[in-house]
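**Q** Here you go, one structure.
What follows draws every value from the coordinates through simple rules; no lab data is involved. Note that the structure is predicted; figures quoted are calculated from it, not measured. Every residue, glycine among them, receives a Cβ derived from its backbone with ideal geometry; neighbour counts consider all protein chains shown.
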Amino acid sequence: MKAMPRPLYIIFRVLHDLVAVGSRLINAAGYEGSTHDTLSSRSYFDGHTYPEWARRRRFINRLFFWQEDHCRADYLYGLEQARKKLERHEALMRLEGHRSPTQAVGGAQCRQL
């Protein structure tokens, strides 16, 4: 598959992120969920425990009919983004001279931003 030209990719990512922000807003305001989760990722995670979220997962997956399991893919995408952020955090902590990447988290060395 040919790579997308950079300007087109940027437009695609911004539109994707705007849709995700809307989904997070609905999840937080409409369903008392976390602003960190989209409806899709929450439907995947909570759909294993709560029947109403399993129904939402089936509905959302039908909207994204060209994907095999959109909700699962969105959940895994969120995990991958979190993993990348943790790796960047660990590298930053090493640059700042912390012996262990978790040393600066939750302890006396943790600073308010």
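**Q** Give me Ser23, Ser41, Ser34 ranked fewest to most by other Cβ atoms within 10 Å of their Cβ, as a rough exposure proxy. Mind showing how you got there, number by number?
**A** Numbers: Ser23 18, Ser41 26, Ser34 12.
Arranged by neighbour count, lowest to highest, Ser23, Ser41, Ser34 become Ser34, Ser23, Ser41.
**Q** Hey, what angle do you get for helix 70-95 against the long axis of the chain, alpha-carbon based, 0 to 90 degrees rounded to 10?
**A** Here the helix axis deviates by roughly 10 degrees.
**Q** Just one of [x] 31, 21, 13; [y] 99, 11, 5; [z] 30, 17, 13 is semi-axes √(5λ) of the Cα gyration tensor in Å as worked out from the coordinates here. Which one is it?
**A** [x]
**Q** By how many degrees, between 0 and 90 and to the nearest 10, does the Cα long axis of helix 6-25 differ from the longest principal axis of the chain?
**A** Taking the Cα atoms of the chain, the angle to 6-25 is about 80 degrees.
**Q** Moving on to the next point. In what order do Met93, Met4 fall by count of nearby beta-carbon atoms within 10 Å, going from fewest to most?
**A** Details: Met93 18, Met4 12.
Ordered from fewest to most neighbouring Cβ atoms within 10 Å, Met93, Met4 come out as Met4, Met93.
**Q** Another question about this same structure. Among Phe45, Phe65, Phe12, rank each residue by its count of other Cβ atoms within 10 Å, from fewest to most, as a rough exposure measure. Don't skip to the end; give the middle numbers.
**A** Details: Phe45 17, Phe65 8, Phe12 11.
Exposure proxy ranking, most exposed first: Phe65, Phe12, Phe45.
**Q** So for segment 6-95, averaging the separation of alpha carbon pairs under 8 Å that are six or more residues apart and normalising by length, what relative contact order in percent results?
**A** On the way: 64 pairs, mean separation 16.2, N = 90.
Relative contact order comes out at 18 percent.
**Q** Follow-up. Working from Cα positions, state the angle (0 to 90°, nearest 10) between the long axis of helix 51-63 and the longest principal axis of the chain.
**A** 80 degrees
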